[in-house]
Amino acid sequence: IKIKRSPKEVKDSLPVVQLADASGKPVMPASEDEAQASQDAASILSTAIAARAMKVMIERNAATATVRQLIDGVWSTPRKPAAQGIFASKKDEDWENVPAPTPKSAAGIVAVIEKAGGIEPVGRKPRRQGRLVAVSDGKPIPLGLEVASSEAIERAVISLELPIKPISSILELGVAEKVTDKLQTLLSYDRGLIVLAAAPSNGLPTTFDVVVNSADRMVRDFVSLEDTHEPPAEIQNIKRCTWDAAGGVSPIDALTLAMRSYPQGIVTRNLTDAALAKKLVEMASGDQLVIVSVTATDAIDAVAQLLKLGVSRDTLSKAVVGVLAGRLIRRLCPRCREAFATPPDLAAKLRIPVERVPQLWRASSIGCRLCRGLGYASRTGIFELAGGETFSQAILKGDRKLLSQAAVKDGMRPLGVAALDMVLAGETSLEERQRVLQKG
């Protein structure tokens, strides 16, 4: 007979959290009510840290209050182990939503967090920001705080700067092996335009850093064109050339300076400057390797974004050698995922015999300790790579449908197909695939 852990043991599995100011000095409550609010705030942060949440939102009005966590790109209600008897179920424990605080409690929680963040209660503005620290089991975790309030509602968003395991290779991003091999070939070219794309909050900065790190930077000289006021993470062996619009230094000025060192590769993130876009694409159509990133929903939309910047179809057609677009998708928890028979109509639609894929998987509605009751335990990327002679020729005509067909003809597996591969492999659910693809 398995016996459930006591409530104390379950509680002790969460990290012990204490609020501190930006310097790490613990914030001492000045009253009994403030002490209770500090304890409630610490509990919220403890649950968020254990669940790998990137943000916590506390929202209240006169009648209700809610707490939500942003985990793997999805807002959800915090979860906790459900109270049970002494006998174990098939899983270690069932999970349920954490009860929401009362509006009064939520107000106290936000107040103590603001105090830790250096926001004075007197003369507070409708929108305010602060910095503080959550000391979790003795380790400091920096927090960012943004609060917006009006007569009707107050909303506080806490950003948790948790340590993230670095991704060191293109394969680790979730890019398929064949696509990785093709992309590595493109990175070895002496000339051409490589475009990296993703929708907002879909890992584009990480994709850019990993792909550029995979180029032969140790053999060839690369330069990075960057905005002085938005410096990205430094990439080893790549020279930085910055622009400062406020200081009178334009992106084109930065490019002119960069070319004095005769680089063999030019990279720039978040390309939005029309003059720079036109010049870089022109150079890539000649004898320069150029890698850029743009915000776009998919590879076809990335082409559209470059055209909106004034790049000519003819020049882009000659320059582009590959467009890699990706999105983030959640993985099912391998411990509590639930199997179900593959619907015959779905198998027929996919032209796959039911015997080949007799079952699919979905997220558990209860969850387990591994996924903290969410049903999903992590996320990865799905990618499509467009490029080839047919695709380049289709750019001249500009029709989205034609571009998509041309990309597939040249070997591209669309994002929807990549997501379906994960569904058939039991790595994600049909619901998650639909959620991710609907964002486009």
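The values are calculated or read from the model by the stated rules, or taken from the named source; none is laboratory data. Being a predicted model, the structure only gives us computed values, none of them experimental. Heads up, the Cβs are rebuilt from the backbone with ideal geometry, glycines too, and the neighbour counts pull from every protein chain shown. Quick note on the areas: whole protein, heavy atoms, side chains included, nothing else; ligands and nucleic acids left out. Shrake-Rupley method; radii C 1.70, N 1.55, O 1.52, S 1.80 Å.
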List the strands (runs of 3 or more DSSP E) that sit entirely inside the range 213-277 and contain at least 3 residues that are of a type outside the set (Phe, Trp, Tyr) and out of contact with any Cys (no Cβ under 8 Å at 6 or more places or on another chain).
238-243, 265-268
State all residues of the range 41-69 that are over 24 Å from PRO163 (Cα atoms) and either part of a loop (DSSP other than H, G, I, E, B) or not small (Gly, Ala, Ser) (or both); if no residue qualifies, say none.
GLU59, ARG60, ASN61, ALA62, ALA63, THR64, THR66
Which of the following residues is modelled with pLDDT of 90 or more, of a type in the set (Lys, Arg), closer than 17 Å to VAL133 by Cα and surrounded by 12 or more Cβ atoms within 10 Å (Cβ to Cβ): LYS25, LYS80, LYS55?
LYS55
Exactly one condition in (1) out of contact with any Lys or Arg (no Cβ under 9 Å at 6 or more places or on another chain); (2) over 30 Å from VAL212 (Cβ atoms); (3) open to solvent by less than 30 Å² (accessible area, probe 1.4 Å); (4) of a type outside the set (Gly, Ala, Ser) is not met by VAL135; state its number.
(3)
So ALA254 clears everything in (1) in contact with a Leu (Cβ under 6 Å, 6 or more places away or on another chain); (2) of a type in the set (Gly, Ala, Ser); (3) in contact (Cβ under 8 Å) with a residue 40 or more places away in the chain except one condition, right? Which one?
(3)
For the range 115-132, the count of residues that are in contact (Cβ under 8 Å) with a residue 40 or more places away in the chain, open to solvent by 60 Å² or more (accessible area, probe 1.4 Å) and touching a Gly at 6+ places or on another chain (Cβ under 8 Å) equals 1
Among GLU230, GLU234, GLU226, the single one that is under 27 Å from THR297 (Cα atoms), crowded, with 19+ Cβ neighbours inside 10 Å and acidic (Asp, Glu) is GLU226
State yes or no: is GLY174 among the small types (Gly, Ala, Ser) and within 17 Å of the chain's Cα centre (by Cα)?
yes
What tally of residues in the range 172-223 results from selecting those that are under 18 Å from GLY411 (Cβ atoms), of a type outside the set (A, V, I, L, M, F, W, C) and open to solvent by less than 20 Å² (accessible area, probe 1.4 Å)?
2
Mind checking whether some residue in the range 217-233 is under 29 Å from ALA407 (Cα atoms), of a type in the set (Phe, Trp, Tyr) and in contact (Cβ under 8 Å) with a residue 60 or more places away in the chain?
no
Read through the list (1) within 29 Å of the chain's Cα centre (by Cα); (2) of a type in the set (Asp, Glu); (3) open to solvent by 40 Å² or more (accessible area, probe 1.4 Å); (4) closer than 23 Å to VAL408 by Cα, then give the number of the only condition that GLU338 fails.
(4)
Sole exception among (1) in contact with a helix residue (DSSP H, G or I) (Cβ under 7 Å, 6 or more places away or on another chain); (2) free of Cβ contacts under 8 Å to residues at least 60 places away in the same chain; (3) among the small types (Gly, Ala, Ser) for ALA198, by number
(2)
Selected residue (criterion: nearest to the chain's Cα centre (by Cα)) from residues of the range 243-263 that are among the polar types (S, T, N, Q) and at pLDDT 95 or above:
SER250
Quick check on ALA274: is it within 21 Å of GLY388 (Cβ to Cβ) and in contact (Cβ under 8 Å) with a residue 12 or more places away in the chain?
no
With the requirement that a residue be free of Cβ contacts under 8 Å to residues at least 24 places away in the same chain and either open to solvent by 20 Å² or more (accessible area, probe 1.4 Å) or within 29 Å of the chain's Cα centre (by Cα) (or both), what does the range 347-356 give you?
ALA348, LYS349, ARG351, PRO353, VAL354, GLU355, ARG356
Return the residues of the range 316-335 that are of a type in the set (D, E, K, R), open to solvent by 20 Å² or more (accessible area, probe 1.4 Å) and within 25 Å of GLU427 (Cβ to Cβ); say none if nothing qualifies.
ARG330, ARG331, ARG335
Quick check on the range 253-261. Is at least one of its residues within 16 Å of ASP190 (Cα to Cα) and open to solvent by 40 Å² or more (accessible area, probe 1.4 Å)?
yes
What number of residues within the range 376-415 satisfy the criterion of being under 18 Å from VAL320 (Cβ atoms), open to solvent by 70 Å² or more (accessible area, probe 1.4 Å) and of a type in the set (D, E, K, R)?
5
Note: among ARG362, ARG313, just one is touching a residue at least 40 places away in the same chain (Cβ under 8 Å), more than 26 Å from ASP421 (Cα to Cα) and open to solvent by 10 Å² or more (accessible area, probe 1.4 Å), namely ARG313
